[in-house]
Amino acid sequence: MRNFDAERRGFLKASVLAGVSVYLAPLGSPAFAALFEERLLTPLAWNGADGTAKFRIDGLAKATGAKIFARDIRARDMPHWPQQQGHAFVLRTTKADRAYQGFDLSALGDELKPDRVVTAEDIARDGLAFPKFYGEDMLLPRGKTAAYLGHAVAILIYRDFARFRFAKNKLRLREDTIRYGEITGPIARDPWSTFRFVRVGGETPYADDIYSSLKDMPIFPAGYRKHDPVWPEANAKGKLEQAGMDHAAHIGAELDWPPAEWFVHEREYATQSIDTSAFEADNANGWYDAANRALHLVVPAQSPHEVLDSAGEMLAKAAMKIDKLFLHPCSTVGFGSKIRSNFPFYGIVAALYGDGRPVRLANDRYEHFQTSLKRHAFRMRYRIAVDRKSGLLQSFQGTFEANGGGRCNLTPAVLKAAAAEAQSIYYFPKSDLAAVAIASHAIDAGSARGFGGLQSMAATDMAMDAIAAELGLDPIEFRLRNVLQGGMKNAQGAIPTDAMRAGEVLEKARVHPLWMRRAERKKEYEATRPGWRYGVGFGCAQKSFGTGAQSAFARVEIAPDGRIALWHVGTEIGTGMSTSQAVVCARRLGRPADAANFSVTDWTDLPMVSSGDAHALNEADSDRAATNPRWTPLYCSPSDASNSAYYYSHATDAAARLIFEHGLWPAALALWGGGRASRPSLRSEDARWVDGKLSCAGMRPLALAELAKKAHAQGGVTGTVVHVFNRWQWAESEWDIAGQRVRAPIDGLALRYGAGAPAAKKAMMKTPNGFHLLERRAVEYPPAQRNNPIVTRYSAIGTLVEVAVEIASGKVELLAHHSIMECGVPIVPQLVSGQLQGGLAMGIGHALHEYLPLYEDGPGNGSWNFNRYRLPRASDVAVWTQTAEILPPLSANDAPKGIAEVVMIPIVAALVNGIAHATGHRFSELPVTPEKIRGVLA
Amino acid sequence: MRSLSLTVNGRKVGPIDVPDGLMMIDFLHEYLGLTGSRLCCGLGLCHACTLILDTAEGSQEVRTCITGAHFFDGKAVRTVEGHAQCNAKGDVTAPSLVQQAFLEHYSFQCGYCTPGFVNAATVLVERLKKQPVAKAKVEETISAALEPHLCRCTGYVRYYEAVKALVLSTPGLTSNDV
């Protein structure tokens, strides 16, 4: 153990980051077997007749309580680690308005005294600090005021479990552990992010814009004065941003003095901070092997590669000599909160001071509430104008203030999404959407399912009901008049890529019995249940999937016996992507992957490089960089932004397709008779997999094993590694494969050939796993200007709810709900429906139950848990009475669409609108609690 | 520190010296390496940590995050790791009927709460074997049995549907009474 030799154990070096070599435990190694999918992911039970998966690839492990989460792993589960597991916890400030002056552990006595205490002084001495993205003061130095409630000040490490446990229990909720000095007030800072989308459309929704973010530019402030943004001066003849501000000024003036035929809806909407409440709380388990200058880390992360990258950056500056970093990512759950979480870096620090022992740092629920990334609270002021006669929306002015908390995480991206998506499913001829994310002393907010769109689109759909009521229109009819149609532009001036199907959703909702019978049913219900009010509400939304810069790696191989293996960069976060990606292989290869590996960070077979921020690249820099055939705008994307169904699947499909076209199809032609004169003209696009066999134009069906054997014998393509990139359009590139110039929607490629390949071809298979790294002959990246429109790809959903409100208590009873959703062609329908049901529950929680105060009485004080934070239970979600329908795809080859986030949005507005139908009061501040309802019914 | 002996998943464990005041979940995780019973809230509110306590009267769920390890001295318990049939190497050869139902219905997503639901549904099925319920009352019976269990991912529907299908398809768990 002391002489642990990475290579002898079979680890592969994945890359070198900032001077630290990064390793991943590969298939077959003892460490891999202890942790990863080799044992945890069972072969997919596949129904070849109808092409469906019988259950999740990770299902058996999860149903039987196997060690599948990072949280389950202890030192004894790691064969090459010392077996004695150390444990640690973090001391945190609970006040952020006064100077921190140290801590007092006397309550622990001698018996529970920690074996090691790590403070800011220690890490400063040893050159340890957060990677740049995560800001300053990983541990707060004495004399400084905390940047946020719950700021970490020290890590307490124990060599054994029992003393750790009792010490942690003893210090919980004690207010005398942390010492404070003078009151300074919270730290005041400029906002984390500020920008503005202004658009003035042409004469029709289809005409060229007069001004828009896509055509012209988003507008950024010139600076800040007393922490408020200073916008560029309005000047119609000035620079682009000044012209944009001139348009904004006109939009504002027009809403101040609207034409007589306009109605202007003006209202402030507010939505709260919540905890995503991922049940696996943040944790890390690490071992610093000083003798071998190696650090080993087991972590949950939605973006393992980002952890690797940032850990490399952190360790390169450390006084501890670390040449090697071994990362073991695991399946997890985060709902966004484990993207760019800083927790793994605290785990690294704990391990580095473990005195040779592995150290486990695992939050309990109180700690998770105190430190995990939160959903941004927003205050939004909407002014929306509508023509009273036509019922057509005319103008939208929105200001958005998000509370980013005390550290900037993904706040700029969330803010951008909120403003960009505020228009929801509607067309506005002109809009001015100004957004600012303030810095505060709240816990830092970051990525959370819904990602800004939840906050803004729910408010928009509350506004739509209010406007329809003012106009005396049926709320769904009003929506239909204004729904964004194909070819119309969004608020950034971009024309959405796919067919716009929100109108179909609205049409179906309009004729649903819940909606059609709502007046009649209200009478009946209230007559038979005195003391209760009945209401039906509707909400609709369409949300982007992807971020405007998405990339992925995938590797697919087919063995001579036809067994398919898949490696993918994506991480399983509960959504079932490991199952769906295995299933994606079936489209080209006739059946799903037999073995699949996820969270893969070792892509040495395809050594792509990236530089700069993919969202901020300009055209010239992109073109220059792309002359390097290994360059890509983005190395890989985390599992986020509902990206697996469309973006991850594209990588898997592209890899499988190349095997089909350059391995299996030539094999099929050979098996069907090669150049015989009688052979009909066969085209690969006419081939079909039927019951696991390949058939084409009446030729003999060929089993996959037969095809694979032939492909190997012919030396055809039997393995592929691809890299793909999307900026609302796939990058395409050209490659020389078997003497042909091939164009494919990828930007990186390595191939493996079968055993029958000529020696010269085999000699090119030089990568660590025996692939031929191909030279990119040409590449076409989507224009960098596409960064400006922010969003062009959507999936839509509408939800109807039926509620009863008890007048005396204000309690809301959700009687039933029905959702109508589009998702392209679902890969695994059960997973799609599961995402819908789960998202609806989360939306119900957001609308009615979940709430966190931002500041001193909020979770930063360490006293929050599920006794104070109300998660929806089964009785809250209409578990037996909810229904759903999915719009049939427009064609059999519609791409699958990401829906994991949008599903939670419409029900938020639907509930508020339903409560308005029941009570007559339109709430605009979430959550709508019984107390608030009692307040208006009193 | 006191000596603790009990039966876990049919296997005798102990005597082991265990500190007074240590919760059962810590004993399972840190002393036995059985991490399938998940720590989630630590307050007994979410039920992700439940195990099954077997007594002469039948099986019952117990929350291990708020129950001391020594409470189980001399008792027999089942954790989620003990339901499936396994081979000599410890690999699962056949999941329990409840686990199989959850698999077929795609009941879970992240799976963190699944052990608690497995145990709750198992206790329910074992109770119904002794006290069948009228078919018309299956849904409310399931609701009452599973309501204490929190899930963040699924919206509960596929857990409930799986248990309903299992109860209705297993002979002897329901009656035709109204």
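Laboratory data are not the source of any read-out in this text; all were calculated from the coordinates shown. Model, not experiment: these values are computed from the prediction. Virtual Cβ from ideal backbone geometry, glycine too; neighbours counted across all protein chains shown.
With contributions of -39500 (n - 2.57) from each DSSP H run of at least four residues, the per-residue ellipticity at 222 nm computed over chain B stands at -8000 deg cm²/dmol.
The residue A:485 and residue A:210 beta-carbon pair, evaluated with R₀ = 25 Å, returns a calculated FRET efficiency of approximately 0.80. Applied to the range A:702-719, the Karplus parametrisation 6.51 cos²θ - 1.76 cosθ + 1.60 on θ = phi - 60° returns per-residue 3J(HN,Hα) values of 10, 6, 4, 4, 5, 5, 5, 4, 5, 4, 5, 5, 7, x, x, 6, 10, x Hz, with x for Gly and Pro. Database remark: amide H of residue A:747 closer than 5 angstrom to the amide H of A:723, A:724, A:725 (H placed geometrically; neighbours at sequence offset of 5 or more, or on other chains; Pro and chain starts carry no H).
Summing Lys and Arg as +1 and Asp and Glu as -1 over all other residues whose Cβ lies under 10 Å from the Cβ of residue A:349 gives a net charge of -2.
Given a cut-off of 29 Å, name the pairs among A:132/A:170; A:132/A:237; A:113/A:144 whose C-alpha atoms lie farther apart than that in the structure shown.
On the way: A:132/A:170 34 Å; A:132/A:237 40 Å; A:113/A:144 26 Å.
Beyond 29 Å: A:132/A:170; A:132/A:237.
Of A:374/A:897; A:710/A:761; A:67/B:12; B:12/B:89; B:89/B:135, which ones are farther than 29 Å apart at the Cα?
Working: A:374/A:897 26 Å; A:710/A:761 17 Å; A:67/B:12 22 Å; B:12/B:89 19 Å; B:89/B:135 41 Å.
In this structure, B:89/B:135 lie more than 29 Å apart at Cα.
Using C-alpha pairs below 8 Å separated by at least 6 residues, the relative contact order for chain A is 14 percent.
When Cβ neighbours within 10 Å are restricted to other protein chains, what is their mean count per residue of peptide B:109-121?
On the way: counts 15, 18, 17, 12, 2, 6, 4, 0, 1, 4, 1, 0, 0.
That works out to 6 on average.
For the pair the range A:561-631 and the range A:278-343, the centres of their Cα atoms are 21 angstrom apart. Residue by residue through the range B:86-94, which ³J(HN,Hα) values in whole Hz follow from phi under the Karplus form 6.51 cos²θ - 1.76 cosθ + 1.60 (θ = phi - 60°), with glycine and proline marked x? Computed from phi, the couplings for the range B:86-94 are 10, 8, 4, 7, x, 6, 5, 9, 8 Hz. Shape class of the protein assembly as shown from the Cα gyration tensor (axes a ≥ b ≥ c, square roots of the eigenvalues): rounded, since a/c falls below 1.5. Each residue, residue A:179 and residue A:932, gets one label point 7 Å from its Cα in the Cβ direction; the gap between the two is 4.4 nm. If we count every other residue with Cβ under 12 angstrom of residue A:159's Cβ, Lys/Arg +1 and Asp/Glu -1, where does the sum land? Once all neighbours under 12 Å are counted, the net charge is +2.
Which value at 222 nm does chain A reach when only helices count, each DSSP H run of 4 or more adding -39,500 (n - 2.57), with the total divided by all residues and rounded to the nearest 500 deg cm²/dmol? It would help to have the intermediate numbers written out before the result.
Details: 24 runs with 231 residues, N = 938.
Estimated from H runs of four or more residues: -7000 deg cm²/dmol.
For residue A:852, the residues whose modelled amide H falls within less than 5 Å of its own, excluding neighbours fewer than 5 places apart on the same chain, are A:273.
Listed by chain and number, the lysines whose C-alpha is less than 19 Å from the C-alpha of residue B:130, apart from same-chain residues fewer than 8 away, are B:164. Taking every residue in A:269-282 and counting other chain Cβ atoms within 10 Å of its Cβ, the average works out to 3. For residue A:224, the amide hydrogen comes within under 5 Å of the amide hydrogens of A:230, counting only partners 5 or more places away or on other chains and with H modelled in the peptide plane.
In sequence order, the range A:157-163 has phi-based couplings of 10, 10, 7, 10, 7, 4, 5 Hz under the Karplus curve 6.51 cos²θ - 1.76 cosθ + 1.60, θ = phi - 60°, and Gly or Pro positions carry x. Per-residue shielding of B:31-41, expressed as the average number of other chain Cβ atoms within 10 Å of the residue Cβ, stands at 6. Remark: the residue A:527-residue A:317 segment gains 68.4 nm on full extension, using 0.36 nm per residue and subtracting the alpha carbon distance.
Based on alpha carbons, the Rg and Dmax found for the range A:550-787 are 17.9, 57 Å. Once all Cα-Cα distances of the range A:856-932 are split into 5 Å bins that start at 0, what whole-number percent is in each one? Pairs per bin, as whole percents: 3, 9, 13, 17, 17, 15, 11, 7, 4, 2, 1. Positive contributions from Lys and Arg (+1) and negative ones from Asp and Glu (-1), summed over other residues with Cβ under 9 Å from the Cβ of residue A:779, come out at -2.
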